[in-house]
Amino acid sequence: MEIADKIVFVGSGNMAQAIISGILKVGAVKPKNIVCNDIYKEKIEELSKKFGIVAASDKKLALDGAGIIFLSVKPQNIKTLLDEIKPFIPAKTLVISIVAGTKTETIEKALQNIPVIRVMPNTPALLLAGAAVLCAGKYVSPADMEKTKNLFLSVGTVKIADESKFDAVTALSGSGPAYVFYLCRLMAKAGQKLGLDKDTAQVLAIQTVYGAGIMLAKSGISPDELTQKVKSPNGTTEAALKSFESQNLENIVYEAMKAASTRSEELSQ
């Protein structure tokens with residue numbers, strides 16, 4: 001379903017670019033209806049050329065007539081930004097925030113009680129394989145929520161969660177792609193140490209992660225069952241898995257995600 005609203009991205013970093021790229025790929029929004037705004041003029045001019053969207057370095061001009069405003073700046077810049085854009089936001093504009101650690105209540109107070117939906121997306125939205133979690137602020141209508149849900153469904157999977165769960169969501173799906181990329185790099189590095197050349201090790205690691213991800217998404221089989229299908233008694237896979245268990249990989253992963261969740265909580269203070 002095509003969305004006709006003028007959509008303004010205030011802040012045009014990697015996550016904003018992933019969403020823009022994804023929604024344009026599926027035709028959810030026309031390029032002429034997307035405006036990118038950022039303090040770096042060269043960045044938005046580059047995005048304008050790349051995607052055919054509108055670049056506007058002046059916030060007043062960018063926000064004029066906006067139906068949906070994406071807040072996609074760094075958490076430490078959000079309070080200053082809200083003060084800057086407050087005079088220029090049209091009435092009844094829907095604000096979608098992808099700013100980590102920033103609560104809907106904070107934005108509602110700063111912008112005088114307008115509808116705010118907080119979203120934790122992730123970068124695979126660039127390839128239409130994103131995972132986004134949404135929560136509605138107190139002034140959001142069912143129509144606002146449905147529109148936002150459809151926007152993110154066009155670039156991946158959508159779940160709805162209470163805002164109290166967003167630190168955990170950030171630790172899992174928000175930061176999660178980087179964990180997979182990191183593991184992939186470690187697998188390739190280990191392959192080299194075991195005698196493979198760099199190119200072969202990297203290709204095999206990437207394709208293995210890709211193939212395993214597709215199996216998880218498409219097979220309808222649980223991770224535990226898929227593990228059992230690969231593992232055979234006293235085989236090579238079992239040897240590796242026992243090594244993971246002996247080093248308590250489960251706790252290592254938990255502690256890493258706990259650190260991410262704690263940092264998300266700190267950003268909201």
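Cβ separations smaller than 9 Å between residues 6+ apart or across chains give the following pairs from region 224-237 residues that are on the phi < 0 side of the Ramachandran plot and part of a loop (DSSP other than H, G, I, E, B) to residues that are hydroxyl-bearing (Ser, Thr, Tyr) and surrounded by 10 or more Cβ atoms within 10 Å (Cβ to Cβ): Lys231/Thr237.
Does region 57-68 contain any residue that is within 21 Å of the chain's Cα centre (by Cα) and either assigned by TED's automatic domain parsing to the domain that holds Pro115 or not in a helix (DSSP H, G or I) (or both)? Scanning region 57-68, I find at least one residue that is within 21 Å of the chain's Cα centre (by Cα) and either assigned by TED's automatic domain parsing to the domain that holds Pro115 or not in a helix (DSSP H, G or I) (or both), so the answer is yes. Restricting Lys92, Lys32, Lys49 to those that are among the basic types (Lys, Arg), free of Cβ contacts under 8 Å to residues at least 24 places away in the same chain and either under 24 Å from Gly137 (Cα atoms) or not assigned by TED's automatic domain parsing to the domain that holds Met145 (or both) reduces the list to Lys92.
Any idea which of (1) more than 23 Å from Asn33 (Cβ to Cβ); (2) not in a loop (DSSP other than H, G, I, E, B) is the one Val119 doesn't satisfy? Checking Val119 against (1) more than 23 Å from Asn33 (Cβ to Cβ); (2) not in a loop (DSSP other than H, G, I, E, B), the one that fails is (1). Close Cβ contacts (under 7 Å, 6 or more residues apart or on different chains) running from residues in region 155-178 that are more than 19 Å from Pro75 (Cα to Cα) to residues that are among the charged types (D, E, K, R) comprise Val158/Lys149.
Out of everything in region 156-190 that is aliphatic (A, V, I, L, M) and under 18 Å from Gln202 (Cβ atoms), what residue ends up being farthest from the chain's Cα centre (by Cα)?
Per the criteria, the residue is Ala190.
Search region 137-158 for residues being polar (S, T, N, Q) and outside any helix (DSSP H, G or I), and hand back the single one that is surrounded by the fewest Cβ atoms within 10 Å (Cβ to Cβ). Selected residue: Ser141. Any idea which residue in region 215-269 is surrounded by the most Cβ atoms within 10 Å (Cβ to Cβ), counting only those that are in contact with a Lys or Arg (Cβ under 6 Å, 6 or more places away or on another chain) and not charged (D, E, K, R)? Among residues in region 215-269 that are in contact with a Lys or Arg (Cβ under 6 Å, 6 or more places away or on another chain) and not charged (D, E, K, R), the one surrounded by the most Cβ atoms within 10 Å (Cβ to Cβ) is Ser268.
Answer yes or no as to whether Gly211 is small (Gly, Ala, Ser), closer than 26 Å to Ala129 by Cβ and within 22 Å of the chain's Cα centre (by Cα). Lay out the reasoning, then the answer.
On the way: small (Gly, Ala, Ser): yes; closer than 26 Å to Ala129 by Cβ: yes; within 22 Å of the chain's Cα centre (by Cα): yes.
It is true that Gly211 is small (Gly, Ala, Ser), closer than 26 Å to Ala129 by Cβ and within 22 Å of the chain's Cα centre (by Cα).
Screening Ser261, Ser164, Ser246, Ser175 for residues that are more than 30 Å from Val99 (Cβ to Cβ) and of a type in the set (Ser, Thr, Tyr) leaves exactly one candidate, Ser246.
Here is a yes/no grid of residues against (1) among the basic types (Lys, Arg); (2) crowded, with 22+ Cβ neighbours inside 10 Å; (3) in contact with a Pro (Cβ under 7 Å, 6 or more places away or on another chain):
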{"position": "Ile7", "(1), (2), (3)": "no, yes, no"}
{"position": "Ala28", "(1), (2), (3)": "no, no, no"}
{"position": "Ile39", "(1), (2), (3)": "no, no, no"}
{"position": "Gly52", "(1), (2), (3)": "no, no, yes"}
{"position": "Ser72", "(1), (2), (3)": "no, yes, no"}
{"position": "Ala110", "(1), (2), (3)": "no, no, no"}
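Among the residues of region 21-51, the one identified as touching a strand residue (DSSP E or B) at 6+ places or on another chain (Cβ under 9 Å), more than 16 Å from Glu2 (Cβ to Cβ) and part of a loop (DSSP other than H, G, I, E, B) is Asp38. Answer yes or no as to whether Ser57 is at pLDDT 95 or above, hydroxyl-bearing (Ser, Thr, Tyr), in contact with a strand residue (DSSP E or B) (Cβ under 9 Å, 6 or more places away or on another chain) and closer than 19 Å to Ile20 by Cα. The answer is no for Ser57. Among the conditions (1) part of a loop (DSSP other than H, G, I, E, B); (2) of a type in the set (Val, Ile, Thr); (3) touching a residue at least 40 places away in the same chain (Cβ under 8 Å), the only one that Ile85 does not satisfy is (1).
The values are calculated or read from the model by the stated rules, or taken from the named source; none is laboratory data. Values in this document were obtained by computation on a predicted structure and should not be read as measured data. Note: ideal-geometry Cβ built from the backbone for every residue, glycine included; neighbour counts use all protein chains shown.
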